[in-house]
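Bear in mind that the values in this text are calculations on the coordinates, not laboratory data. Every value quoted in this text rests on a predicted model; they were computed, and no experiment measured them. Glycine also receives a Cβ, built like all others from the backbone with ideal geometry; neighbour counts cover every protein chain displayed.
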Amino acid sequence: MKILEKYITNKEILERFEKNFEKLLYFKFLVFKWNKKINLTSYNENEFFFHALIEPLIIFNALPPFKEILDIGTGFGNPSVTYSIIFPETNVFCSEINKKKLSFLNFLKFELNLTNFIITKTYKKNYQCITARAFKSFNSFLKFLKKENISGNYLLFFFKENNFKKKSVIKMVNYKFANKEYLQVLFNLKLLLED
């Protein structure tokens, strides 16, 4: 798996990926099977393999797994299903308002036996890490967090461009896939929400 080793250098993450490879492939299979009935993703299979299975793990080259993660706007389960599979010790809370996607997520939880994959309609006050891919802009996401009174220690955000304040950045990772540049940023959420 040369593509995996190009992006993931942490030996433990590589071992976990290999150990769970069949389950990750089954996740991919289920997404594409359901995608024929309901619109889950526009990714082709190569894009899916990178963006849903490899990309969520890149930041963990330099970080230990979190105890809990909240994924807002979970969609088909990216990045939350990959986190649930690779980090069984992490409670992954998922929030999705689309009823068809929510039905799919409930099916995935059962089919993949993801006991640490927790689908929620309400938010508690504080999470160790929060992530989201469904928001149109970073600022709209921060406004959402403030409006819903959601806080946490860290915010993990996936960017296509470098347009954010650097003061609360803990870790930044740049990478390329299919001739496009991407950026993952881990923020100190408390500092970020102070602005």
Overall dimensions of region 21-131 by Cα: Rg and Dmax, Å: 13.1, 38
Spread of Cα-to-Cα distances over 10 Å intervals beginning at zero, given as percent, for region 2-78: 16, 47, 32, 5
Spatially near lysine pairs across region 61-123, Cα under 15 Å, sequence gap of 8 or more or different chains: 5
What is the log10 of I(q)/I(0) for region 2-194, computed with the Debye formula using one identical point scatterer on each Cα and no solvent, at q = 0.09, 0.10, 0.13, 0.17 Å⁻¹? -0.30, -0.38, -0.66, -1.21
Based on the mean of other beta carbon atoms within 10 Å per residue, what is the order of 46-59, 122-135, most packed first? 46-59, 122-135
Can you compute 3J(HN,Hα) from phi for each residue in region 42-51, using the Karplus curve 6.51 cos²θ - 1.76 cosθ + 1.60 with θ = phi - 60°, rounded to whole Hz and x for Gly and Pro? 9, 4, 7, 5, 5, 4, 4, 4, 6, 6
What is the magnitude of the charge dipole of the chain about its Cα centre, with +1 placed on the Cβ of each Lys and Arg, -1 on the Cβ of each Asp and Glu, and no other charges, expressed in debye to the nearest 20? 580 debye
Size of electric dipole in region 44-135: Cβ of Lys, Arg +1 and of Asp, Glu -1, about Cα centre, debye, nearest 20: 480 debye
Per the helix-only calculation at 222 nm, which mean residue ellipticity applies to the chain, given -39500 (n - 2.57) for every DSSP H run of n ≥ 4 and division by its residues, nearest 500 deg cm²/dmol? -10000 deg cm²/dmol
Hey, what do the phi angles of region 152-157 turn into as Karplus ³J(HN,Hα) couplings, whole Hz, using 6.51/-1.76/1.60 and θ = phi - 60°, x for Gly and Pro? x, 7, 9, 10, 10, 10
Report D for region 105-195 in µm² per second (integer): Stokes-Einstein, Kirkwood Rh on Cα pairs, 37 °C, 0.692 mPa s. 222 µm²/s
Here the alpha-carbon Rg of region 49-103 over 2.2 N^0.38 Å rounds to 1.13
Tell me the label-point distance for the pair S42, T115, using the 7 Å Cα-to-Cβ offset, in nm and rounded to one decimal. 3.9 nm
